[in-house]
Amino acid sequence: MKKINKKASIILNKLNNKGFKAFVVGGCVRDSILGFEPKDWDITTNATPKQIKACFDGFKIIETGIDFGTVIVVIGKEEFEITTFRTDGKYTDNRKPDEVVFVNDIKEDLSRRDLTINAMAYNTINGLVDPFGGLNDLKSKVIRTVNNPDERFNEDGLRIMRAIRFAIRFGFDIETKTFDSIKRNVALLNNISRERINQEISSILKLKDISKLDLLHKTGILKIIIPELENSFKCEQNNPHHVYNVGKHIFASTKNIDNKLHLRLTMFLHDIGKPNTKTFDSTVKHDRFIGHPEVSANMTEKIMRNLKFDVVTIKKVVTLVKHHDIDFTSSEKSMRRLLSNIGEDTVKDLFDVRLADISAQNPILSKSKIDNINTAINVFNKVIADKNCFSKKDLKISGNDLIKNLNLKQGKVIGDLIQVLFDVVLDNPALNDKSTLINIAKKHIN
């Protein structure tokens, strides 16, 4: 195990010097064994919250979790959760225990935790405390619950999502009994808030390697959290451009894009409208999905609102889904209009989205599509380098200029004229000159 964080060591030593048992516990132990730098150092002790506060008199204390035995001690700018050894009472809401009971045995405390790899504790006095085989499971690359998986998941349904997240994060397999229990108890996710589901899905999609993303489908989790996406696995694509059904295509493309959340979400949802738009074209004898980007965008907005995503992320993802099937042209005029419509950053993202989409299609037909995108990228770069006008703020004329030079009054006519001039400049950037635009405006109002 890696060396304990210096500030965490201060906390352990203070508790030990007062006669208490204290350990670093959970994720920091797991990550240290795996060779990662822990983000947080959680500490568990047999000291009660009152005794913890007394040990750290003079330190900044945060008491937000004190009812459940947790005190946060701040050292410098770092926060350290210190939790009293405890066992949990009944979980009548499948989320949090109704009560906690403080105990004196670290092994009792570890027995209430979710997964074996998260149920290890360590200090320099006792070494590694691992009553449930977490170290062996790390070495074997296995996700397993502590004791009975049905009991663990029924205590807290969110543990189902956590088990999947850790399996994907580390590329581990899920032990058979744990896997079967997830499938058996997946409906417990209906009891979990949409915000917590959002957090878990977002955490998964932001992982660098999501090669085991298919676990969301194989365990039945998608049926509960995004049934529209689960439905896509039933939709075959009898089309020369595709080699997968819609669901498999979605997952393959999601794995092939950068792990920025809005890009991963875009691929995760970009084709969910296909089952609703599928028709068979008897002329060419294959399936078509006419209008699916628009349908997918509408469905995406509804799903993301339901999962409580923020407005900015929703707007980004919906825009990209709506345009994900765009057929770029080599026209600078078309590029300027696209930039005007969705903005420079979104166009850049759209190139990545299109490439990820194509990467999960029929490779035999992909070369011309990739060539098309590369051409579009060159056009984009030229338009940006030439500083073409693709926003009204880039016009060399303002509403006040029109009022002053054409003797007009403020009102709708000014807005209409600005739009006309903007359209003219989008088509011909060379006309973006104040005197030229005033002359064009004069002709338009006469």
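Just give me the residues in region 362-409 being touching a Ser or Thr at 6+ places or on another chain (Cβ under 8 Å) and under 14 Å from F351 (Cα atoms), in sequence order.
From region 362-409, those touching a Ser or Thr at 6+ places or on another chain (Cβ under 8 Å) are 366, 375-376, 379, 390-391; that's our starting set.
Scanning region 362-409 gives T375, A376, V379.
Could you please let me know if K39 is in a helix (DSSP H, G or I) and among the basic types (K, R)?
On the way: in a helix (DSSP H, G or I): no; among the basic types (K, R): yes.
So K39 does not fit the description; no.
Could you run through region 116-146 and say how many residues are of a type outside the set (S, T, Y) and exposed (fewer than 14 other Cβ atoms within 10 Å of the Cβ)?
Narrowing region 116-146 to residues of a type outside the set (S, T, Y): 117-121, 123, 125-139, 141-144, 146.
Narrowing further to those that are exposed (fewer than 14 other Cβ atoms within 10 Å of the Cβ): 125-127, 136, 139, 141.
Residues in region 116-146 being of a type outside the set (S, T, Y) and exposed (fewer than 14 other Cβ atoms within 10 Å of the Cβ): 6 in total.
Could you check N239 against (1) surrounded by fewer than 22 Cβ atoms within 10 Å (Cβ to Cβ); (2) part of a helix (DSSP H, G or I); (3) touching a strand residue (DSSP E or B) at 6+ places or on another chain (Cβ under 7 Å) and say which number it fails?
Result: N239 passes all but (2).
Do we have I10 as outside any strand (DSSP E or B) and of a type in the set (A, V, I, L, M) here?
Numbers: outside any strand (DSSP E or B): yes; of a type in the set (A, V, I, L, M): yes.
Yes.
Considering only residues of region 280-307 that are under 13 Å from S232 (Cβ atoms) and among the hydrophobic types (A, V, I, L, M, F, W, C), which is farthest from the chain's Cα centre (by Cα)? Before the answer, list the steps.
If we filter region 280-307 for residues that are under 13 Å from S232 (Cβ atoms), which is where we start, we get 289, 292, 295-296, 299-300, 303.
Adding the requirement that they be among the hydrophobic types (A, V, I, L, M, F, W, C) leaves 289, 295, 299, 303.
Numbers: F289: 27, V295: 22, M299: 18, I303: 14 Å.
Once the filter is applied, the top-ranked residue is F289.
Could you please let me know if K50 is within 22 Å of T124 (Cα to Cα), assigned to a helix (DSSP H, G or I), among the basic types (K, R) and more than 33 Å from the chain's Cα centre (by Cα)?
Numbers: within 22 Å of T124 (Cα to Cα): no; assigned to a helix (DSSP H, G or I): yes; among the basic types (K, R): yes; more than 33 Å from the chain's Cα centre (by Cα): yes.
Against the criterion (within 22 Å of T124 (Cα to Cα), assigned to a helix (DSSP H, G or I), among the basic types (K, R) and more than 33 Å from the chain's Cα centre (by Cα)), K50 does not qualify.
Report every pair of residues separated by at least 6 positions or lying on different chains whose Cβ atoms are under 6 Å apart, first residue within region 122-144 and on the phi > 0 side of the Ramachandran plot, second surrounded by fewer than 21 Cβ atoms within 10 Å (Cβ to Cβ).
So the pair list comes out as K141/F172.
Filtering region 401-415 down to residues that are assigned to a helix (DSSP H, G or I) and touching a helix residue (DSSP H, G or I) at 6+ places or on another chain (Cβ under 9 Å), which residue is nearest to M335 (Cα to Cα)?
So the first thing to find is which residues in region 401-415 are assigned to a helix (DSSP H, G or I), and the list is 401-406, 412-415.
Going one step further and asking which of them are touching a helix residue (DSSP H, G or I) at 6+ places or on another chain (Cβ under 9 Å), we end up with 401-403, 405-406, 413-415.
On the way: D401: 28, L402: 28, I403: 31, N405: 32, L406: 32, V413: 28, I414: 26, G415: 24 Å.
Here the residue is G415.
Just wondering, is there one or more residues in region 202-212 that are touching a His at 6+ places or on another chain (Cβ under 9 Å) and polar (S, T, N, Q)? Break it down into steps so the answer makes sense when it comes.
To start, the set of residues in region 202-212 that are touching a His at 6+ places or on another chain (Cβ under 9 Å) comprises none.
Within region 202-212, none of the residues are touching a His at 6+ places or on another chain (Cβ under 9 Å) and polar (S, T, N, Q).
I'd like the full set of residues that are in contact (Cβ under 8 Å) with a residue 12 or more places away in the chain and out of contact with any Phe, Trp or Tyr (no Cβ under 8 Å at 6 or more places or on another chain), limited to region 213-229. Lay out the reasoning, then the answer.
Restricting attention to region 213-229, the residues satisfying the condition of being in contact (Cβ under 8 Å) with a residue 12 or more places away in the chain are 213-217, 219-221, 223-226, 228-229.
Result: L215, L216, G220, I221, K223, I224, I225, I226, E228.
Specify which of the listed residues (K322, K396) is at pLDDT 90 or above, among the basic types (K, R) and in contact with a Lys or Arg (Cβ under 8 Å, 6 or more places away or on another chain).
On the way: K322 fails: in contact with a Lys or Arg (Cβ under 8 Å, 6 or more places away or on another chain).
After ruling out the rest, the residue left standing is K396.
Looking at (1) in contact (Cβ under 8 Å) with a residue 40 or more places away in the chain; (2) surrounded by fewer than 15 Cβ atoms within 10 Å (Cβ to Cβ); (3) over 14 Å from L339 (Cβ atoms); (4) among the charged types (D, E, K, R), can you tell me which one K382 breaks?
Single failed check for K382: (3).
Results for (1) in contact with a helix residue (DSSP H, G or I) (Cβ under 7 Å, 6 or more places away or on another chain); (2) among the acidic types (D, E); (3) closer than 30 Å to R194 by Cβ; (4) in contact (Cβ under 8 Å) with a residue 60 or more places away in the chain, shown as yes or no for each residue.
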position	(1), (2), (3), (4)
I33	yes, no, no, yes
D42	yes, yes, yes, no
K53	no, no, no, no
D57	no, yes, no, no
I82	yes, no, no, yes
R113	no, no, yes, yes
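Mind telling me which of the residues I224, I204, I272 ends up being among the β-branched types (V, I, T), surrounded by 21 or more Cβ atoms within 10 Å (Cβ to Cβ) and in a helix (DSSP H, G or I)?
Working: I224 fails: surrounded by 21 or more Cβ atoms within 10 Å (Cβ to Cβ); I272 fails: in a helix (DSSP H, G or I).
Only one candidate qualifies: I204.
Looking at (1) farther than 26 Å from P131 by Cβ; (2) of a type in the set (A, V, I, L, M, F, W, C); (3) more than 31 Å from the chain's Cα centre (by Cα), which is the one condition that is false for V74?
It is condition (3) that V74 fails.
Tell me the residue from F153, F179, F132, F233 that is farther than 22 Å from K308 by Cα, not charged (D, E, K, R) and not in a helix (DSSP H, G or I), please. Before the answer, list the steps.
Numbers: F153 fails: not in a helix (DSSP H, G or I); F179 fails: not in a helix (DSSP H, G or I); F233 fails: not in a helix (DSSP H, G or I).
From the options F153, F179, F132, F233, the qualifying one is F132.
With closer than 30 Å to Q199 by Cβ, basic (K, R) and not assigned by TED's automatic domain parsing to the domain that holds R194 as the only criterion, which of R305, R288 stands out? It would help to see each step written out before you state the result.
Numbers: R288 fails: closer than 30 Å to Q199 by Cβ.
R305 is the lone residue from the list that is closer than 30 Å to Q199 by Cβ, basic (K, R) and not assigned by TED's automatic domain parsing to the domain that holds R194.
Quick grid of which residues meet (1) farther than 18 Å from G220 by Cα; (2) in the same structural domain as S111 (by TED's automatic domain parsing); (3) in contact with a Ser or Thr (Cβ under 9 Å, 6 or more places away or on another chain):
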site	(1), (2), (3)
T124	yes, yes, yes
L128	yes, yes, no
F132	yes, yes, yes
T145	yes, no, yes
N148	yes, no, yes
E151	yes, no, yes
N154	no, no, no
G157	no, no, no
R162	no, no, no
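The values are calculated or read from the model by the stated rules, or taken from the named source; none is laboratory data. Remember, it's a predicted structure, so these values are computed and weren't measured experimentally. Don't worry about glycine lacking a Cβ; one is built from the backbone with ideal geometry, like all the others, and counts go over all protein chains shown.
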